[in-house]
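Presented below is the structure to which this report refers.
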Amino acid sequence: MNTELVRKLISTLAFISQCLVLVSLYSISAMAHPMPNSVVLLTIHADRIDAEVQIPLNELQAAYGHAVNDSSAGLVKRLGPELRAYLAQHIRPQSPNGQSWAVSVGDLAVQETQNPINGIYRELVAHVRLVPPIGGDVRRFTFHYDVVLHQVVTHKILVSVRQDWAGGLLADAPPTQVGVIELDIVNNRIRPLTVNLESGSTRTGFAAMVQLGIRHISEGTDHLLFLLVLLLAAPLLVFNGRWGQFGGVRYSLKRLFLIVTAFTIGHSLTLLLGALGWVQLPSQPVEVLIAVSILVSAVHALRPLFPGREAWVAAGFGLVHGLAFATTLANLHLDAGPMALSILGFNLGIELMQLVVIALTIPWLMLLSRTSAYRFVRLTGASLAIIAAIAWAIERVSGQSNLLTRGIEQIAGYAPYGLVFLAVFALVLTWQMNQAKKLPFL
């Protein structure tokens, strides 16, 4: 083969290899560092929009003309009024008929993250209120926004809706992107973003809150465990300070009704008070008390601590659980009307999910409570709940997860299979018992 040809081939391969290495390094760098784009997150209310604007300081510095990135310490205190005026000048929403909205810039803050590859990344976070003219539609407007972009033509602004109660989008869901504001290179102009959200309704918002309540309970292992462990002994009579035999269907259903109703009244009361901001407690002690409630109810299932007073205990601990429920609603920061409906819908979702779980569990517990094997079921369930409660309490006091709590969350995913096993186990033992007694099935 020609020597010159070989040398050229080797040189070409070497060049390709270098290019691949550079591309790889660039890709790693891009993944390791936030993209230099601004983000606008919109929270849609009935009469206004609250926006959170996140602007990279290195990009803002190039457009604003001040050392906001190089000298970010004390930036808000030093340049707060000037930055607010700058943002208000470059954020100009308009109604479809051309009427301008009122724009007010509120709190400013600097957030900083450390990246091991590219170093420190800083951004300015601004809270901006956008209010349409009287009679204006918050769901349809033209968003004129050129912060940074009026000087840095490569800059982009990603606009998303973070929360839209009337549209069924809540803050716990991923934001929905509505568009990107960037320079139109062909025409050399910044095109405004036309925001045209789907029509919202009270029904949609209410339905979303019902679904949130259902999801909150279905994912809240600790809330369900408290109620189920308290119900373990509900079908049983007390004899000489110990749990005795099955008390009958009527007796069991009455106790079940009282416990569930008391728990509902308790958590509904503090859910209302907490969501309205009338009662507020730090989340850590509330979460610790929830773990304590499971521990107490589990010990009671082993041996009667408060026989005949389960409803009062359920109501008392229900007050604690309601404060935890209220945190979810309070974090939505809704207006009075949507908040009132949200409290009702969220609580309805909680009750529906609780009733479903109880309806799928209690029949098998009542069947098992007629058999000698129920003692084993009760003691095993209560003991496992005690272990879970102690693990949760340690985690919530220390602020560090542990092996047991991580295992509990994994095991909780297999709960439907456990319910099937419980049903089959109850039916088989009941059939065997009836066969032994020569009685009709059930």
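The figures follow:
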read-out	value
Filter result for Thr176 (surrounded by 13 or more Cβ atoms within 10 Å (Cβ to Cβ), among the polar types (S, T, N, Q) and either over 30 Å from Val377 (Cβ atoms) or in contact with a His (Cβ under 7 Å, 6 or more places away or on another chain) (or both))	yes
Filter result for Arg396 (farther than 19 Å from Leu228 by Cβ, assigned by TED's automatic domain parsing to the domain that holds Tyr251 and among the basic types (Lys, Arg))	yes
Condition check for Leu225: part of a helix (DSSP H, G or I), in contact with a helix residue (DSSP H, G or I) (Cβ under 8 Å, 6 or more places away or on another chain), at pLDDT 90 or above and within 22 Å of Ala382 (Cβ to Cβ)	yes
Failed criterion for Leu442 (all others in (1) of a type outside the set (Ser, Thr, Tyr); (2) outside the structural domain of Leu232 (by TED's automatic domain parsing); (3) at pLDDT 85 or above hold)	(3)
Close pairs (7 angstrom Cβ cut-off, 6 or more residues apart or separate chains): surrounded by 13 or more Cβ atoms within 10 Å (Cβ to Cβ) in segment 393-407, assigned to a helix (DSSP H, G or I) and at pLDDT below 90 anywhere	Glu395/Thr405
In segment 25-61, the residues that are outside any loop (DSSP other than H, G, I, E, B) and at pLDDT below 90	Leu25, Tyr26, Ser27, Ile28, Ser29, Ala30, Met31, Ala32
Out of Val105, Val110, sole residue that is more than 16 Å from Val68 (Cα to Cα) and touching a helix residue (DSSP H, G or I) at 6+ places or on another chain (Cβ under 7 Å)	Val105
Single residue of Val238, Val180 found to be of a type in the set (A, V, I, L, M), in a strand (DSSP E or B), within 30 Å of Phe143 (Cβ to Cβ) and touching a residue at least 12 places away in the same chain (Cβ under 8 Å)	Val180
Residue in segment 208-217 that is closer than 30 Å to Ile411 by Cβ, touching a strand residue (DSSP E or B) at 6+ places or on another chain (Cβ under 7 Å) and assigned by TED's automatic domain parsing to the domain that holds Phe317 present	no
Tabulated pairs, segment 195-215, first among the polar types (S, T, N, Q), second outside any helix (DSSP H, G or I), C-beta under 8 angstrom, 6+ apart or interchain	Asn196/Arg139; Asn196/Arg140; Ser199/Arg139; Thr204/Gly168
Qualifying residue in segment 136-157 (condition: out of contact with any strand residue (DSSP E or B) (no Cβ under 6 Å at 6 or more places or on another chain), surrounded by fewer than 20 Cβ atoms within 10 Å (Cβ to Cβ) and of a type in the set (Ser, Thr, Tyr))	yes
Segment 210-267 - residue that is over 21 Å from the mean Cα position of the chain (by Cα) and among the basic types (Lys, Arg) and, of those, farthest from Ala166 (Cα to Cα)	Arg242
Among residues of segment 268-299, those that are under 19 Å from the mean Cα position of the chain (by Cα) and among the hydroxyl-bearing types (Ser, Thr, Tyr), counted	1
Any hit, segment 189-203, residues being more than 21 Å from Val39 (Cβ to Cβ), touching a Lys or Arg at 6+ places or on another chain (Cβ under 9 Å) and loosely packed, with under 14 Cβ neighbours inside 10 Å	yes
Subset tally (residues that are small (Gly, Ala, Ser), closer than 13 Å to Gln163 by Cβ and in contact with a helix residue (DSSP H, G or I) (Cβ under 9 Å, 6 or more places away or on another chain)) for segment 36-60	1
Matching residues, segment 388-442, being hydroxyl-bearing (Ser, Thr, Tyr) and farther than 30 Å from Gln284 by Cα	Tyr417, Thr430
Leading residue by the ranking (farthest from Asn196 (Cα to Cα)) among those in segment 140-160 that are hydrophobic (A, V, I, L, M, F, W, C) and not in a loop (DSSP other than H, G, I, E, B)	Ile157
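The values are calculated or read from the model by the stated rules, or taken from the named source; none is laboratory data. Since the model is a prediction, treat every value here as computed from it, not as a measurement. Cβ: placed from backbone, ideal geometry, glycine included. Neighbour counts: every protein chain shown.
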